[in-house]
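Data block below; observations after.
What follows is calculated from the coordinates using simple rules that are stated; it is not laboratory data. Computed from a predicted model, the values in this text were never measured in an experiment. For neighbour counting, all protein chains shown are included, and Cβ atoms are generated from backbone atoms with ideal geometry for every residue, glycine included.
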Amino acid sequence: MSLLLSSSPAKWFKCLAVILTLWSVVSYQAGKAQEPGEGETRALLVEAILAEDDDQQIVLIQKLADTGDSLLETVFEQWKRGEVFVHTTEGGEKIPFTLENPESEAPSAAIKIIDAEPLTGADGGALSFVAKDLTAVDTSRSLRKEMKNAVDFLALSAKDPKVRAQAAKKLGLTQNASYIPVLERRLSVEKNKGVKENLREGLAVTYLAVGTKDQVIEATRTLAKVNSLAGLGFLKDVIRLQEEAPEDQRDEEILAAAKKAELSIENHFKVSEFFSTAFRGLSSGSVLLVVALGLAITFGLMGVINMAHGEMIAIGAYATYQTQVLFVHWFGDSGLGFQLYFIAAIPIAFLSAAIVGAILERGIIQFLYKRPLESLLATWGVSLVLQQSFRLIFGASNRQVNSPGWLMGNFDVNDVNMGFNRLFIIGFAIVIVFGTWVLMTKTPLGLCIRSVMQNPHMAACMGIRTAKVRMMTFAFGSGLAGLAGAFLSQIGNVGADMGQNYIVDSFMVVVAGGTGSLVGTVTSAFSIGVVDQVLQPFLGPVMGKIFVLFAIILFLQWRPEGLFPTKSRSLD
């Protein structure tokens, strides 16, 4: 003890590291020993094969089904085909085995079931037999049925909860009465909430077909409670059979319970579909918001009607595509390198569109301030030139941008489907809006931008380089459109004319929200995006957009300055 106390701190750390290492190894081995593995499965198989009583064999097979070991499917199939045999040693030990090639007429090597090793004789040599010279282990009809059930139930014991949940639903939808005991037994030991819900759903669907009156009524309540879309069709079958039955054979309680459950499930999914559509509208509105933010700056603040704004979206999308191509070339189409390409593509898309915007402003726009008709025609011509350039460089066909793994997939919240890519778009749009607000209201650059846009002559007298500020402002608005293109590449294909689908909508957002108003742009973008998506299932894509456009026209007739008009001395 005194030796340890007098030791240096380095020796203490070494001792602690050794103790922790030994403890982790012992713990791992203990956990590994407690985990049921293939050896335990094979031992149970041997015990089931050698059991002389059918009832005992059935109990052991049911126990084997709970292991979820895929080995069972192979051995059970061999057992049912009569390809499992028993070798008795000189000492009286019975060893179940199979043949390596049971169909061969020549002697085939015997493989022990207990360890998958060759069967050897007393002299240590490997034994071989011809299948037709052996007596196979017998199976009864009930035993074969139990083995089939065990194979069907293997997925119920899989390690992956998703696999167990799918198996529970799949088995329940067969409405096989023989599955009820196993499903109930699995329900009693299952810990995962989602799997338990699927087990209850499967049992309820089965009871609809084979249960007593009380069980059928309880099954309808269960299906309504779990909002079972899969069970809706079976409920409709129950309702149809009851309504078609003669009055003296019709059960009004079952009919009423089934109709109530049907109505509950249908209402639930109507609400879920509405919120799923609204969520898609939020993501579409987020893209529209980023596009419209750039337009709110170039059109709302600067007064430039830029018909090439849609092509800035395409530049951002093509920049994202090209970034993906480079990362795949450098790092391959999998691994960490590919997973990070979209992170790198975001600033690249912004800078690409911003540089093109700056060139456009210096080359054309600076000569057309206060001349809206000329700027409209000039930027429309630039739009056509850029579209043709995209086709010449990247081809006429659309380009596919693959999402990284962390943007793929989705999850459900009360049956409302939410994709990771759309959630990312919504979240990043919020960040962009906040960043734009900070830039315009809390920084010297934002103060310069607002002063130049409101009174350029006074700003010039104060020493502000108005030409440079205008160029940076136009570049920033174009860069935001490039960001929108990067986002759009994750939910659709990249094409030369992809931006044209958003240019009209973005102008509507800016005008309806209030020219130059950040709050108005945000409110209008989300409103138009959500309303458009909600109306499309009822009116169709074309009529939905027409209805939204008509509503905006009526709104502007009533309030031409928009939702949140900008107030300043220069504008009043």
Residue 455 versus residue 374: modelled label distance in nm, points set 7 Å from Cα along the beta carbon direction: 2.7
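Highest mean first, how do 193-203, 168-178 rank when packing is the count of other Cβ atoms within 10 Å averaged over residues? Write down the numbers at each step before the final one.
Values: 193-203: 21.1, 168-178: 18.3.
Result, highest mean Cβ count within 10 Å first: 193-203, 168-178.
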Taking 440, 458, 312 and counting other C-beta atoms within 10 Å, the order from fewest to most: 458, 440, 312
Computed [θ] at 222 nm, deg cm²/dmol, the chain (DSSP H ≥ 4; -39,500 (n - 2.57); rounded to nearest 500): -22000 deg cm²/dmol
Reduced Cα scattering model of the range 38-144, Debye log10 I(q)/I(0), q = 0.13 Å⁻¹: -0.46
Order of 69, 123 under a 10 Å beta carbon neighbour criterion, fewest first: 123, 69
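Distance cut-off 19 Å, Cα to Cα: go down the list 63/148; 162/191; 169/191; 63/169 and report the pairs above it. Please list the in-between numbers first.
Numbers: 63/148 14 Å; 162/191 13 Å; 169/191 16 Å; 63/169 21 Å.
63/169, as the Cα separations exceed 19 Å there.
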All lysines inside 21 Å of residue 442 as judged from Cα atoms, apart from same-chain residues fewer than 8 positions distant: 468, 567
For the range 85-119 versus the range 233-265, the gap between their alpha-carbon centres in whole angstrom: 57
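What is the chain's relative contact order, in percent, from Cα pairs under 8 angstrom and six or more apart in sequence?
Values: 809 pairs, mean separation 79.2, N = 572.
So the answer I get is 14 percent.
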Cα Rg, Dmax, the range 153-250, angstrom units: 14.0, 50
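Give, to the nearest whole percent, the P(r) tail of the chain beyond 44 angstrom, counting all Cα pairs. Could you put the intermediate results ahead of the total?
Numbers: 81393 of 163306 pairs.
Here the tail beyond 44 Å accounts for 50 percent of pairs.
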Cα centroid separation, the range 403-460 to the range 54-68 (Å): 60
Cβ-based exposure ranking for 228, 397, 389, in which fewest neighbours within 10 Å come first: 397, 389, 228
